[in-house]
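This report refers to the structure that appears directly beneath it.
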Amino acid sequence: MAQDADDLRDDGLTLRPDGTPRCRWHGGLAEYVRYHDEEWGRPSADDDRLFEKLCLEGFQAGLAWITILRKREAFRAAFHGFSIDRVAAMTQEDVERLVLDAGIVRHRAKILSTLNNARRVQAMREEGLSFAGFLWSFEPGAGERPARVDMAYARANTVTPASTRLSKALKARGFTFVGPTTIYAFLQSMGFVNDHLEGCASRAPCEAERERFARPVPGGR
């Protein structure tokens, strides 16, 4: 059997039917393609959206992201749309109910972590801090970014100095399931960095959004 042309590429890209290149990691799965094209790498300053992604990256630990993506609507239903205040108010009774919910990942520690992390965000707010502003203060500077985001960089970097710094800062504030690898995936997905590969059709639009994006500041909400 002849090899698919994409199997012969070493740049990490695949071609759409119209010949437009995109990162190959979506595997051609429809929901993954939409996620790659429309969400991954797009910046946000919305606390609840950032909280949702932080929690879902924690749920992903040890699993494939496509598993979480396919369960995302069930997660949203289970955790009140990831409204930080509503999640913080959830009880042990809710935990016991969610442990039996086949629509989500039934991992008790990760469910408890979601409630804990919502309460940690509330504690930050009580100090007068913006959750989004706090997170964005760890955006890596240009000096920490590669001149070219290619497959060599992608393969070599699942943890970075910025993800390690943010991981340590979150752990110091009592957050859980926020290891540096999980945090780097979070930084990639929420546009703190643009890791669409060179040549991907989504790289330039993501970079344009990042250039327009008004970074929130840690103080104030």
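Derivation of every value follows stated rules applied to the coordinates shown; laboratory data play no part. Predicted model, so just to flag it, every value in this text is computed and none were measured. Quick reminder, even Gly has a Cβ in these numbers, built from the backbone with ideal geometry, and neighbours come from all protein chains shown.
Placing +1 on the Cβ of every Lys and Arg and -1 on the Cβ of every Asp and Glu, with no other charges, gives segment 47-212 a dipole of roughly 340 debye about its Cα centre. When the chain is described by a simple charge dipole with +1 on each Lys and Arg Cβ and -1 on each Asp and Glu Cβ, the residue from ALA102, HIS36, LEU115 located farthest towards its positive end is LEU115. Pairwise inverse Cα distances across segment 47-212, averaged and inverted, put the Kirkwood hydrodynamic radius at 16.8 Å. Model label sites at GLU126 and GLU139, defined 7 Å from Cα along the beta-carbon direction, differ in position by 3.0 nm.
Taking label points 7 Å from Cα along the Cα-to-Cβ direction, GLU38 and PHE213 give a separation of 1.9 nm.
Compute the distance from the alpha-carbon center of segment 110-157 to that of segment 163-221, in whole Å. What the calculation gives is 5 Å, centre to centre.
Any idea what angle helix 180-189 forms with the longest principal axis of the chain, computed on alpha-carbon atoms, 0 to 90 degrees, nearest 10? Orientation of helix 180-189: about 70 degrees from the principal axis. Annotation note: trypsin sites (Lys or Arg not before Pro) in segment 141-195 located in DSSP loop regions with a Cβ neighbour count of at most 10 within 10 Å are ARG148.
Placing pseudo-labels 7 Å out from each Cα toward the beta carbon at ARG86 and ALA156 gives an inter-label distance of 4.5 nm. Here is how the number arises for the chain: DSSP H runs of 4 or more residues each give -39500 (n - 2.57), the sum is divided by the residue count, and the result at 222 nm is -15000 deg cm²/dmol.
Tell me whether segment 1-94 comes out rounded, prolate or oblate; compute the Cα gyration tensor, take square roots of the eigenvalues as a ≥ b ≥ c, and use a/c under 1.5 as the rounded threshold.
Details: a/c = 3.34, a/b = 2.41, b/c = 1.39.
Because a/c hits 1.5 or more and a/b exceeds b/c, segment 1-94 counts as prolate.
What net charge do the residues around ARG173 carry, taking every other residue with its C-beta under 11 Å from that of ARG173, with Lys and Arg at +1 and Asp and Glu at -1? Provide the component values of the computation, followed by the final result.
Values: positive: ARG119, ARG120, LYS168, LYS171; negative: GLU127.
Net charge in that neighbourhood comes out at +3.
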